[in-house]
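The values are calculated or read from the model by the stated rules, or taken from the named source; none is laboratory data. In this text, all values refer to a predicted model and were calculated from it rather than measured experimentally. As a convention, Cβ positions derive from the backbone with ideal geometry for all residues, glycine included, and neighbour counts pool all protein chains shown. Remember, those area values only see protein heavy atoms, side chains included, never the ligands or the DNA or RNA. Shrake-Rupley method; radii C 1.70, N 1.55, O 1.52, S 1.80 Å.
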Amino acid sequence: MTIGLPVEAKPNFAGTIFAGGSDTPSARIEASDLPNHVRGLLIGRYPVLLTLLPEAPNDEGLSDVIRRVRNQCVVARSYLSPSAALDLHAILLGPRSSEGVDRWRALALIAERDERVARKLVWLRPKDANADEQSFDDFSKRSFLARPWVTDAIFSMAPLDNVSRAASYGEVPRDTAGEWIRAASEPGVDADQLVDELVASWQRRSAQ
């Protein structure tokens with residue numbers, strides 16, 4: 001899957017020293033408390049840490065990896081603004097052949113439910129390396145990498161009046177419908193930005 005987001009290496013995210021700190025005990029985390037293998041990236045606007053799950057599917061090994069990942073996320077967040085820190089993700093790669101294994105699926109769910117410090121996503125890799133592309137594509141569809149609006153499918157254009165009609169029947173709050181119409185009517189609106197604005201508008205409605 002090609003999504004067209006720029007990718008930039010961010011080694012500081014994967015380092016041991018907090019932003020603005022020096023190489024003193026109070027300004028860093030010991031390497032023994034951080035992932036053994038980790039990379040820091042900026043994918044579009046999303047700060048990302050890439051790391052590995054343990055080779056064996058056991059609770060103790062997973063708990064240690066998650067603890068280390070949380071510590072690394074604390075380091076990465078120190079280099080981010082408060083708003084950017086909300087987009088921080090840690091992607092944990094399972095070992096070869098972990099895809100489709102019940103024990104690995106159970107451990108992946110445990111890892112993903114831990115949303116302390118940052119959101120965590122697990123990609124369990126297939127046995128056959130030739131299946132990596134399809135496997136990663138399936139993983140991407142449930143992550144921030146998903147771009148369901150990027151498609152070769154042909155759609156008919158529905159008029160914005162349909163949104164107003166939905167509001168008149170109480171299916172969408174009038175304030176929300178108005179925000180949607182204003183956002184969609186902006187000239188040259190970026191598709192990713194539009195989706196974010198529509199979702200944010202709906203969340204504001206949900207919070208009322």
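Need one word for the range 9-80: rounded, prolate or oblate. Basis is the Cα gyration tensor (sqrt eigenvalues a ≥ b ≥ c); a/c below 1.5 gives rounded, then a/b vs b/c decides.
Judged from the Cα gyration tensor, the range 9-80 comes out oblate (a/c at least 1.5, b/c at or above a/b).
Using per-residue counts of other Cβ atoms within 10 Å, averaged over each peptide, order 35-43, 131-139 from highest down.
In decreasing order of mean packing, 35-43, 131-139 become 35-43, 131-139.
Write down the accessible area per residue of the range 1-86 in Å², having rolled a 1.4 Å probe over the full set of protein chains.
56
Amide H to amide H under 5 Å from residue 94: which residues, 5+ apart in sequence or cross-chain, H placed 1.01 Å off N in plane?
Result for residue 94 returns 53, 123, 124, 125.
Relative contact order (percent) for the range 29-116, with alpha-carbon contacts under 8 angstrom and 6 or more residues of separation?
Value for the range 29-116: 34 percent.
If you line up the Cα atoms of the chain on their principal axes, what length do they span on each, largest first, in Å?
Taking max minus min along each principal axis of the Cα atoms, the chain gives 59, 44, 31 Å.
Of 141, 127, which has the most accessible area with a 1.4 Å probe, and how do the rest follow in descending order?
127, 141
Would the range 79-139 count as rounded, prolate or oblate if I go by the C-alpha gyration tensor, calling it rounded below 1.5 in a/c and otherwise prolate when a/b exceeds b/c, oblate otherwise?
oblate
Contour minus end-to-end for residue 60 and residue 28, with contour as 0.36 nm per residue of separation and end-to-end as the Cα-Cα distance?
Gain on stretching residue 60 to residue 28: 9.0 nm.
For the pair residue 191/residue 12, report the inter-label distance in nm, with labels modelled 7 Å from Cα in the Cβ direction.
That separation, rounded to one decimal, is 3.2 nm.
List every residue whose amide H lies under 5 Å from the amide H of residue 119, counting only residues 5 or more places away in sequence or on a different chain, with H placed 1.01 Å from N in the peptide plane.
Counting only residues 5 or more places away or on other chains, the set is 90.
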